[in-house]
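The values are calculated or read from the model by the stated rules, or taken from the named source; none is laboratory data. Because the structure is predicted, anything quoted here is derived from the model rather than measured. Here the Cβ positions follow ideal geometry from the backbone for every residue, glycine too, while neighbour counts run over all protein chains shown. We work out accessible area using only protein heavy atoms, side chains counted, and drop any ligands, DNA or RNA first. Shrake-Rupley method; radii C 1.70, N 1.55, O 1.52, S 1.80 Å.
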Amino acid sequence: MEKITQVTGVAVPFRRSNVDTDQIIPAVYLKRVTKTGYDDGLFSSWRQDPDFILNQPAYQNPRILIAGSDFGTGSSREHAVWALRDFGFRAVISPKFADIFRGNAGKQGLLTGVVDEETVERLWQALEAEPGMEATVDLVARTVTVGNVTVEFEIDDYTRWRLLEGLDDIGLTLRDEQAITDFEGRREAWRPTTLPAR
Amino acid sequence: MSGKTLAEKVWESHLVAKGENGEPDLLYIDLHLVHEVTSPQAFDGLRMAGRPVRRPDLTIATEDHNTPTLEIHKPIAEPTSRIQIETLRKNAAEFGIRLHSLGDVEQGIVHVVGPQLGLTMPGITVVCGDSHTSTHGAFGALAMGIGTSEVEHVLATQTLPLKPFKTMAITVEGELKPGVTAKDIILAVIAKIGTGGGQGYVLEYRGSAIRSLSMDGRMTICNMSIEAGARAGMVAPDETTYAYLNGRPHAPTGADWDAAVAHWETLKTDDDAVFDAEVFLDANELEPFVTWGTNPGQGVSLSQTVPDPTTIIDANERAAAERALEYMDLPAGTPMKEIAVDAVFMGSCTNSRLDDLRAFASIIKGQKKADGVRVMVVPGSARVRLEAEAEGLHQIIEEFGAEWRFAGCSMCLGMNPDQLAPGERCASTSNRNFEGRQGKGGRTHLVSPLVAAATAIRGTLSSPADLIAMGIEVDPAYTGIEGVSA
């Protein structure tokens with residue numbers, strides 16, 4: 001997983017709340033056998049509408065999503081995070097995230113920051129004043145900056161540390177690699193091996 | 001300090017790192033079984049992160065969920081099924097994993113393949129992206145189903161972070177009556193403790209009735225531990241286990257065998273160990289058991305009637321029973337033995353091993369199936385199919401009017417073309433009677449192989465003893481009735 005310290009790029013003022021994971025990516029996209037390539041499924045029904053914000057020229061190649069409250073509710077599908085990531089998003093800011101979505105995001109290298117409702121409104125207004133402007137999410141300082149507006153966001157220390165270090169679950173376990181290797185050295189000869197095939 | 005249970009001993013002997021401050025323990029995984037449905041994203045995740053499979057030599061893959069059971073030489077017609085199989089083949093080649101593909105003699109249901117190769121053995125940890133991994137607990141292994149992210153984790157690290165469990169003893173003492181099998185024991189256990197009764201627990205099956213079962217029977221019991229919501233199910237290893245393993249392709253040999261047996265002998269739960277919960281069942285009282293509803297806990301003895309939901313006190317259970325009976329199209333009070341079926345499915349990781357096929361064949365031998373009933377027999381693996389054919393079981397099955405198929409998961413979950421039509425009713429030796437599991441609108445009654453066989457003959461849910469009234473001679477071993485002929 002890539003280490004994240006700072007995300008800078010086009011920020012989208014996403015004036016919607018209760019965005020559930022079925023909206024983020026519908027079930028029809030779940031039949032695939034890959035862990036990437038879900039960008040076409042992101043918000044696929046909303047993207048049918050030419051006026052949808054992600055279809056507007058100002059918001060192409062976005063990196064940061066500034067969303068309303070209760071983002072990522074519903075189904076536990078990890079595909080919702082994959083779709084956002086594959087589309088190019090590296091950070092989502094919202095007043096409130098669904099627990100499972102936020103957990104999945106932290107494991108997959110998608111930064112989720114919490115700000116209050118008033119702050120999200122300030123960020124939206126700043127972005128809408130100049131559509132397509134870049135913003136910066138600074139994970140070290142826990143701040144979001146849009147033009148001359150800088151606000152703080154919340155993220156728990158553990159997830160922040162994992163993102164800063166670029167540690168997914170496997171990366172975390174591999175910090176114990178020496179212990180795994182030591183264990184393998186003690187593993188008895190009678191225990192099963194599948195190779196060579198007998 | 002009190003003694004330890006079997007499950008605790010296996011857990012502790014696999015600790016790589018002890019979790020602190022409520023973090024999970026890190027456990028080493030001895031054997032990772034892989035199939036085509038839950039592995040593609042795991043391999044893709046490895047590819048994205050540039051990680052290899054840490055121990056290809058502790059990993060084995062087979063094709064089972066999507067494989068056709070007819071004309072297996074032809075390309076798979078359904079695109080999603082075909083893509084999943086093709087993806088597994090590509091991934092296995094790229095990451096150096098041993099794969100048994102359709103047509104290979106070791107291909108079959110992943111939970112049949114591991115034991116038959118002698119890879120599943122006492123005192124090891126086994127995982128697979130499939131909930132019925134609990135099957136392997138029959139050997140005294142700690143065997144758990146996992147999700148796709150965890151599959152990736154095990155592929156990359158050969159370990160898994162796991163939260164501690166509670167232990168439950170399920171003691172079945174006594175002697176089973178003729179015609180009563182391992183399947184009836186586990187259906188009765190689930191009816192007793194409920195589909196959530198095992199949640200958070202590793203179950204240990206104990207007692208004289210369990211000890212007297214073959215390995216195939218013990219696998220049937222452990223297989224359905226997950227239907228009680230349990231993390232895993234286990235049986236302590238004994239001479240039956242060793243006899244099954246000895247001489248199998250991957251079983252230890254020579255000094256390794258002696259060292260293994262010496263270790264396996266230490267695994268039994270200590271006399272002074274304390275379980276977090278205990279359940280007792282009297283084997284002498286058990287009868288053939290069948291389900292009437294849409295979860296595996298909704299079962300009764302075959303001699304009973306469909307329960308009346310209005311007599312159920314718990315409001316949630318009452319509502320669930322009402323919904324189930326509506327879906328199953330069964331009036332309360334119907335004698336179970338009067339329920340007519342359209343199909344009989346003999347197969348699945350619960351009941352598709354050689355013992356199961358032998359039991360089924362011994363009942364149907366020389367008989368004809370009931371008119372209008374479709375009977376499908378699907379061996380658990382290509383090797384089981386060969387072994388059955390070497391004994392002539394396929395002839396018995398085909399002369400009976402049943403279909404003798406190739407190996408796979410088949411109609412247990414209908415990911416391949418083997419499905420029930422809407423409204424069809426099936427006596428099935430599988431493990432889940434969920435709505436639509438065997439095909440949209442299909443209705444499932446879970447039964448043992450003996451009940452499946454007798455049902456295929458009579459056309460209604462039946463035990464072997466019910467055949468005697470039809471003038472059919474049945475081995476007294478299955479009826480307890482000597483020398484009766486009409």
Worksheet, complete the sentence: Residue by residue through segment B:442-449, the couplings from Karplus 6.51 cos²θ - 1.76 cosθ + 1.60 with θ = phi - 60°, in Hz, x for Gly and Pro, are x, 10, 10, 10, 6, 9, 7, x
Discussion item. With N set to the number of residues, divide the alpha-carbon radius of gyration of segment B:314-365 by 2.2 N^0.38 Å and report two decimals.
Written reply: 1.63
Response to the item:
Yeah, the protein assembly as shown with a ≥ b ≥ c from its alpha-carbon gyration tensor (a/c under 1.5 is rounded, else prolate when a/b outruns b/c, oblate otherwise) is prolate
Discussion item. Quick one: 3J(HN,Hα) in Hz for segment B:407-421, Karplus 6.51/-1.76/1.60 with θ = phi - 60°, rounded, Gly and Pro as x.
Written reply: 6, x, 6, 6, 6, 4, 9, x, 7, 9, x, 7, 9, 7, 7
Worksheet item: Is there a pair in A:Lys107/B:Lys18; B:Lys18/B:Lys166; B:Lys192/B:Lys268; B:Lys9/B:Lys163 whose C-alpha atoms are over 19 Å apart, and which pairs would that be?
Response: A:Lys107/B:Lys18; B:Lys192/B:Lys268
Response to the item:
For segment B:128-233, the dipole about the Cα centre with charges only on Cβ (Lys and Arg +1, Asp and Glu -1), to the nearest 20 debye, works out at 280
Item to complete: For B:Gly233, list long-range residues whose amide hydrogen, built 1.01 Å from N in the peptide plane, is under 5 Å from its own amide hydrogen.
Response: B:Gly137, B:Ala143, B:Leu203
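Taking each residue in A:24-36, count the Cβ atoms of any other chain within 10 Å of its Cβ, then average. What number comes out? The partial results should precede the final answer.
Values: counts 0, 0, 0, 0, 0, 0, 0, 4, 6, 15, 8, 13, 5.
Whole-number average of other-chain Cβ neighbours for A:24-36 is 4.
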Item to complete: Take the alpha carbon atoms of segment B:23-93, find their center, do the same for segment A:129-198, and report the distance between the two centers in whole angstrom.
Response: 25
Item to complete: Take every residue in peptide A:167-177, count the Cβ atoms of other chains within 10 Å of its Cβ, and give the average of those counts.
Response: 6
Practice prompt. Once you have all Cα-Cα distances for segment B:6-279, histogram them in 5 Å bins from zero and send the whole-percent values.
Written response: 1, 6, 12, 16, 18, 17, 14, 9, 5, 2, 0, 0
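Find the relative contact order for segment B:6-279 and round it to a whole percent, using C-alpha pairs within less than 8 Å whose residues are 6+ positions apart. Each step should come with its number before you reach the end.
Working: 535 pairs, mean separation 59.6, N = 274.
So the answer I get is 22 percent.
Could you list the GluC sites (Glu not before Pro) in segment B:405-486 that lie in coil according to DSSP, counting only those with at most 13 other Cβ atoms within 10 Å of their Cβ?
On the way: sites: B:Glu424, B:Glu435, B:Glu473, B:Glu482; in loops: B:Glu424, B:Glu435, B:Glu473, B:Glu482.
Hits after loop and neighbour filter: B:Glu482.
What shape does segment B:266-389 have by the C-alpha gyration tensor, where a ≥ b ≥ c are the square roots of the eigenvalues, rounded means a/c under 1.5, and otherwise prolate means a/b greater than b/c and oblate the rest?
On the way: a/c = 2.21, a/b = 1.07, b/c = 2.06.
Judged from the Cα gyration tensor, segment B:266-389 comes out oblate (a/c at least 1.5, b/c at or above a/b).
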Worksheet item: If amide H atoms are built 1.01 Å from N in the plane of the peptide, which residues on other chains or at least 5 residues away come under 5 Å of the amide H of B:Gln304?
Response: B:Met336
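Report for the protein assembly as shown the percent antiparallel among DSSP-assigned beta bridges with both residues inside it, nearest 5.
Working: 27 of 82 bridges.
The answer is about 35 percent antiparallel.
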Fill in: Total formal charge among the other residues, if their Cβ is under 11 angstrom from that of B:Leu467, Lys/Arg +1 and Asp/Glu -1
-2
Item to complete: Report in % the part of the accessible area of chain B that belongs to carbon and sulfur, leaving out ligands and nucleic acids; probe 1.4 Å.
Response: 50
Response to the item:
One finds the C-alpha centres of segment B:225-244 and segment B:268-335 to be spaced, in Å, by 22
Item to complete: Work out how far the C-alpha atoms of segment B:50-194 reach from end to end along every principal axis, then list the three figures in whole Å, largest first.
Response: 51, 40, 28
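Classify segment A:2-88 as rounded, prolate or oblate, taking a ≥ b ≥ c as the square roots of the eigenvalues of its Cα gyration tensor: rounded when a/c is under 1.5, otherwise prolate if a/b is larger than b/c and oblate if not.
Numbers: a/c = 1.38, a/b = 1.17, b/c = 1.18.
Rounded is the answer for segment A:2-88, as its axis ratio a/c remains below 1.5.
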Worksheet, complete the sentence: B:Gly441 neighbourhood, Cβ < 13 Å, K/R = +1, D/E = -1, net charge -1
Response to the item:
Under the Karplus relation with 6.51, -1.76 and 1.60 and θ = phi - 60°, whole-Hz ³J(HN,Hα) for segment B:319-336, x at Gly and Pro, equal 4, 5, 5, 4, 4, 4, 5, 5, 5, 7, 6, 10, x, 4, x, 5, x, 4
Response to the item:
Here the whole-number average of other chain Cβ atoms within 10 Å per Cβ of A:178-191 is 6
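Sort largest first and round to whole Å: the equivalent ellipsoid semi-axes of segment A:6-167, each the square root of five times a Cα gyration tensor eigenvalue. Walk me through the numbers on the way to the answer.
Numbers: eigenvalues 100, 75, 38 Å².
Value: 22, 19, 14 Å, ordered largest first.
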Worksheet item: Using just the C-alpha positions of segment B:290-478 as equal point scatterers, what log10 of I(q)/I(0) does the Debye formula give at each q in 0.11, 0.12, 0.14 1/Å?
Response: -0.45, -0.54, -0.72
Practice prompt. Give me the distance between the Cα centres of segment B:383-446 and segment B:160-181, rounded to whole Å.
Written response: 26
Discussion item. Could you tell me the relative contact order of segment A:1-160? Use alpha-carbon pairs under 8 Å, at least six residues apart, and round to a whole percent.
Written reply: 28
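Restricting to bridges with both residues inside chain B, how much of the DSSP beta-bridge set is antiparallel, in percent to the nearest 5? Walk me through the intermediate numbers first.
Working: 13 of 54 bridges.
Within chain B, antiparallel bridges account for around 25 percent of the total.
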Practice prompt. Quick one: which residues, 5 or more positions from A:Thr143 or on another chain, have an amide H under 5 Å from its amide H? H modelled 1.01 Å from N in the peptide plane, none for Pro or chain starts.
Written response: A:Asp138, A:Phe153
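What Kirkwood hydrodynamic radius, in Å, does chain B give when the mean of 1/r is taken over all pairs of distinct Cα atoms and then inverted? Mind showing how you got there, number by number?
On the way: mean 1/r = 0.0438 Å⁻¹.
Taking every pair of different Cα atoms in chain B, averaging 1/r and inverting gives 22.8 Å.
Please state the relative contact order of chain B as a whole percent: Cα pairs under 8 Å, 6+ residues apart?
This gives 17 percent for chain B.
What value, in deg cm²/dmol to 500, does the helix sum -39500 (n - 2.57) over DSSP H runs of n ≥ 4 give at 222 nm once divided by the residues of the protein assembly as shown? Spell out each step's value before the answer.
Values: 23 runs with 211 residues, N = 684.
The helix contribution divided over the protein assembly as shown gives -9000 deg cm²/dmol.
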Worksheet item: Under a Cβ-Cβ cut-off of 10 Å, what is the net charge of the residues other than B:Met415 that fall near it, where Lys and Arg count +1 and Asp and Glu count -1?
Response: -4
Worksheet entry | Packing-based ranking, highest mean first, of B:71-82, B:315-326 given that Cβ atoms within 10 Å are counted | B:315-326, B:71-82
